[in-house]
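For reference, the structure discussed in these notes is given below.
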């Protein structure tokens with residue numbers, strides 16, 4: 001694993017590219033470990049069994065958004081659940097541009 005971390009930093013590879021270098025079993029175990037730990041640390045998910053969190057952790061996809069980037073529009077249908085890991089999300093009323101709420105990690 002240390003080799004892959006060094007390889008990633010030396011060749012400026014993304015997380016997905018590093019995961020592609022692993023066998024399917026190792027990739028699955030690593031995703032469960034990383035995502036499961038993140039899920040387990042979230043206050044709102046602490047009540048769930050670790051086996052349940054591990055089973056859904058493989059379904060998670062990391063997404064990064066730029067400052068002021070629109071994630072979804074008010075009133076639109078969304079089939080995703082977003083977890084804030086770092087940073088702030090601002091909810092605004094689209095017509096009036098009124099600030100409704102600021103969301104932070106684990107809210």
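Roughly how tilted is helix 2-11, in degrees to the nearest 10 and between 0 and 90, from the longest Cα axis of the chain?
Helix 2-11 and the main axis of the chain meet at about 60 degrees.
Given the peptides 95-105, 66-76, arrange them by the average over their residues of other C-beta atoms within 10 Å, most packed first.
Descending packing order for the listed peptides: 95-105, 66-76.
Give the peptides 79-86, 51-58 in descending order of average Cβ contacts within 10 Å, highest first.
51-58, 79-86
Quickly estimate the mean residue ellipticity at 222 nm for the chain, helices only: each DSSP H run with n ≥ 4 gives -39500 (n - 2.57), and the total goes over all residues, rounded to 500.
Result for the chain: -11500 deg cm²/dmol, rounded to the nearest 500.
Which of rounded, prolate or oblate describes the range 22-107 when judged by the alpha-carbon gyration tensor and an a/c cut-off of 1.5?
It comes out prolate by the Cα gyration axes.
For the range 64-107, rounded, prolate or oblate, judged on the Cα gyration tensor with a ≥ b ≥ c (square roots of eigenvalues), a/c < 1.5 rounded, else prolate if a/b > b/c?
The shape class here is oblate.
Quick one: angle between helix 24-41 and the longest Cα principal axis of the chain, in degrees between 0 and 90, rounded to 10, please.
With both axes taken from Cα atoms, the answer is about 40 degrees.
Using per-residue counts of other Cβ atoms within 10 Å, averaged over each peptide, order 36-45, 19-28 from highest down.
Per-residue mean Cβ counts within 10 Å order the peptides as 36-45, 19-28.
Any read-out appearing in this document is the output of simple, stated calculations on the displayed coordinates, not a laboratory observation. Not measured: the values here are computed from a predicted model. Using ideal geometry, Cβ is built from the backbone for each residue, glycine included, and neighbour counts are taken over all protein chains shown.
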